[in-house]
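A.B. asks: Here you go, one structure.
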Amino acid sequence: MKVSRIVIGTHNYKKREEIRDILSGIPVTLLDLEDFENPPDVIEDGFTFEENAIKKALELARFCKMYVMADDSGLEVDALDKRPGVFSSRYCGEDAGYEEKCLRLLAELEGVPFEKRTARFRCAIALAEPDKLQFVVEASCEGLIDTEARGKKGFGYDPVFYVPEYKRTIAELGSEVKNRISHRALALGLFRKSLIEIIK
């Protein structure tokens, strides 16, 4: 099956914007899940980001009957034994917003010295066709959890994720820098290279 169209396997429009921006220039048409009627909600029950990304890509590829790229990403905090990890989007419950999630994270880390608040964003992205996995890539972005939320330019945990190199949170840096250094940007860079290899 020739890779000419790929479905972006997420309902998160901010993720889709980031993906389209980083993959621009590749001769592949990117479609949205909203282009398909009643796509399934894939249960993310894997133990790793890679397992969840692969499961989503394969299940959605079977449903869409074409190539699908899907990711799983999240935040690992060393002082919390790598929590929230694969439960990052469900931290505080399915219906909690990210402002609530960030506040809970800050509360759990209260009293932890700044230098011990090491953390990383991790992202795995898989590309699958209906009957098989093509490839999966993974990348991470290292930083610390700040003592308070700062910045309005990001989403998710960006307001509390401090990048020492820039002395700012990701939400203070804006999309131009974020699209170079973030876990998803780095993983998408690897994804782009792997995709170019298979469409040559």
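The values are calculated or read from the model by the stated rules, or taken from the named source; none is laboratory data. Keep in mind the model is a prediction, meaning the values are calculated, not measured. Ideal geometry is used to build each Cβ from the backbone, glycine not excepted, and the neighbour counts take in all protein chains shown. Accessible surface areas use protein heavy atoms only, side chains included; no ligands, DNA or RNA. Shrake-Rupley method; radii C 1.70, N 1.55, O 1.52, S 1.80 Å.
A.B. asks: Given a 1.4 angstrom probe, what's the average accessible area per residue across the chain, in square angstrom?
C.D. replies: Value returned for the chain: 51 Å² of accessible area per residue.
A.B. asks: In whole angstrom, how far apart do the alpha carbon centroids of the range 136-198 and the range 17-86 sit?
C.D. replies: 17
A.B. asks: Picking from PRO113, GLY189, ILE170, whose Cα lies most toward the positive end of the charge dipole for the chain (charges on Cβ: Lys, Arg +1; Asp, Glu -1)?
C.D. replies: Farthest towards the positive end: GLY189.
A.B. asks: Need one number for the chain: average projected area of the convex hull over its C-alpha atoms, nm².
C.D. replies: If I average the Cα hull's projected area over directions, I get 10.9 nm².
A.B. asks: Once a ≥ b ≥ c are taken as the square roots of the eigenvalues of the Cα gyration tensor of the range 78-169, is the result rounded (a/c under 1.5), prolate (a/b larger than b/c) or oblate (a/b not larger than b/c)?
C.D. replies: Here the range 78-169 falls in the prolate category.
A.B. asks: With a 1.4 Å probe and every protein chain kept in, tell me what percent of the accessible surface of the chain is carbon plus sulfur.
C.D. replies: 50
A.B. asks: If you stretched the chain out fully between ASP81 and LYS200, how much longer would it get, using 0.36 nm times the residue separation minus the C-alpha to C-alpha distance? Don't skip to the end; give the middle numbers.
C.D. replies: Details: separation 119, 0.36 × 119 = 42.84 nm, distance 4.25 nm.
Length difference between fully extended and current span is 38.6 nm.
A.B. asks: Over all directions, the average projected area of the alpha-carbon convex hull for the range 127-200 comes to how many nm²?
C.D. replies: Projected over every direction and averaged, the Cα hull of the range 127-200 covers 6.0 nm².
A.B. asks: Hey, another quick one. Under 17 Å Cα-Cα from LYS193, which aspartates and glutamates qualify once same-chain neighbours fewer than 8 residues away are excluded?
C.D. replies: Cross-link targets: GLU18, ASP21, ASP71, GLU138.
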